[in-house]
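Each remark here refers to the structure printed beneath this line.
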Amino acid sequence: MKIITEKTIAPGEGWSGTVEQGQVLRLTAKSVVDFIAFRKSDPREYFDVARTRIYNLNIFPTRGQRLFSKQNNPMMRVLEDGFSGTGRHDLQSSHGCRDKMLALIAPLNVRAEDLPNPLGFFRNLEIDQKSGAIRNVPLGPAAPVAIDLQAEIDVFVALVNCPDPKTSAPGAPATIAILAP
């Protein structure tokens, strides 16, 4: 695949941009990165954690699974997942860096109370099978790993490198690349 653009973001910083249908968003990191996405042509359609859990019958998205919108449409597909086997991405958390995320999506005029819940890449949580309790697991990769998401529609994506020492390596940069197949 050919790199169209690439950017490294420091801890606490973010990135937003468009990923066109067929392009691949590669996120390489070892600490928590919050992710949200919107249909480029209509930001009222946005990535939804609940629909993604339901359609995949899984709360930890990984290779081969899709990310769905609030309107039940597929938005992106996970092509590769370098975190698999080390930990699990999370559809259960709230924003760790809410103000930064709101600043990134300001051009979309999304109000704070309408901010969609994020997918927490590289945020490793466990669910106790007996009690159902959710707890942080401070397990992250020793070195940065990548996850590749292919856009199934044109999407506007916002990511915040939001490390949480309770769940991942603190203070690690993240790299975002958009690739052409």
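Computed from the coordinates by the stated procedures, all read-outs in this text should not be read as laboratory data. Quick caveat: nothing in here was measured; it's all calculated off a predicted structure. Cβ coordinates were reconstructed from backbone atoms using ideal geometry, including for glycine residues, and neighbour counts include every protein chain displayed.
Calculated mean residue ellipticity, 222 nm, the chain: -2000 deg cm²/dmol, from DSSP H runs (n ≥ 4) at -39500 (n - 2.57) each, averaged per residue and rounded to 500.
Which trypsin sites (Lys or Arg not before Pro) from region 99-142 combine a DSSP loop assignment with at most 16 other Cβ atoms within 10 Å? Of the trypsin sites (Lys or Arg not before Pro), the ones in loops of region 99-142 whose Cβ has at most 16 other Cβ atoms within 10 Å are Arg111, Lys130. Each other residue within a Cβ distance under 13 Å of Leu115 adds +1 if Lys or Arg and -1 if Asp or Glu, for a net charge of -1. Working note: Debye formula, equal point scatterers on the alpha-carbon atoms of region 1-59, no solvent; log10 I(q)/I(0) at q = 0.24 Å⁻¹ is -1.26.
Quick one: net charge of Ala180's neighbours, Cβ under 12 Å, K/R +1, D/E -1? Overall, the nearby charge balance is +1. Can you find, among Ser41, Ala146, Val19, the residue farthest towards the positive end of the dipole of the chain? Put +1 on the C-beta of Lys and Arg, -1 on that of Asp and Glu. It is Ala146, whose Cα lies furthest towards the positive end. For Ala146, neighbours were defined as the other residues whose beta-carbon sits under 11 Å from its Cβ, and their charges (Lys and Arg +1, Asp and Glu -1) total -1. For the chain, averaging the sequence separation of C-alpha pairs within contact (under 8 Å, six or more residues apart) and dividing by the residue count gives a relative contact order of 46 percent. Around the Cα centre of region 2-166, unit charges on the Cβ atoms of Lys, Arg, Asp and Glu (plus for the first two, minus for the last two) sum to a dipole of about 220 debye.
Annotation for region 31-65: trypsin sites (Lys or Arg not before Pro) lying in DSSP loop with at most 15 further Cβ atoms inside 10 Å of their Cβ are Arg63.
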